[in-house]
Amino acid sequence: MQVRAGNGLVRRALEDHLRGARCRRRPGVRGFSLVESLLAIGLLMVLAALATPSVLRGLDDARGTSAARHIAGLARFTRMQAALRSASAGLRFERDGGDYGYAVYVDGNGNGLSTRDVRRGVDRPITAVERIGDRFAGVTIGLAPGVSGMAGDIVGGGTDAVRLGVSDTLTFSPFGTARSGTIFLRSREGRQDAVRILGATGRTRILAFRPEEGTWVAR
């Protein structure tokens, strides 16, 4: 009974407060008219339309950068696996229609990674095959039109986006060394990134192409 009484007192106090607020409203004060509201909504829609391209470009840049970091991370993971297992390990790319699938493989018979042993199941994958677009929407392993070359890797002379030798495999020895090469990534809006592997050290670098300058810059 005390609870019900308390609820009734609270309800009456709230009603009294609202009634008092209505009484204290100054005469002549009113809200926005329909025309003013429509003008405000229209202005917001114009501002949103102007901001949308910048937002989309920002998202596109973020996806491209994240995709390049993902590939660079996989390269470092492959290098670490080679050292831990005392066996050759490789990040292998394979064409799948107009795209590439990739996975990390480990040498299973001590003679190094080879396409033949991968086909026979001797060199087995330790990661699932994936495509970059499955993780980062709109990003592909590819080259945008008009992209110039970088030192030691002339892009303009070909369209191959994976430059890791004939087998398209980034192979690391147990000592952490690899063959130098580059993987190019392209975003939906044409942003161009590249993951560069330095063979002597096995280290990776992420580069971004600046079309207005025609140069590559480190990220």
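Each value in this text was obtained by applying a stated rule to the coordinates, not by laboratory testing. Everything quoted here is computed from the prediction, not taken from an experiment.
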Using alpha-carbon coordinates alone, the radius of gyration and Dmax of the stretch 53-114 in Å work out to 15.9, 53
Full-extension gain in nm, SER167 to SER33, via 0.36 nm per residue minus C-alpha separation:
41.2 nm
Once you wrap a convex hull around the alpha carbon atoms of the stretch 158-198, what is its projected area averaged over all directions, in nm²?
3.4 nm²
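Multiply the residue gap between ARG205 and ARG95 by 0.36 nm, knock off their C-alpha separation, and tell me the result in nm, one decimal place.
So the chain would gain 37.3 nm between ARG205 and ARG95.
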Rounded to whole Hz and in sequence order, give me ³J(HN,Hα) for the stretch 87-98 from the Karplus expression 6.51 cos²θ - 1.76 cosθ + 1.60, θ = phi - 60°, writing x for Gly and Pro.
8, 4, 9, x, 8, 9, 9, 9, 4, 9, x, x
Stokes-Einstein translational diffusion, the stretch 89-214 - Kirkwood Rh over all Cα pairs, 0.692 mPa s, 37 °C, in µm²/s
213 µm²/s
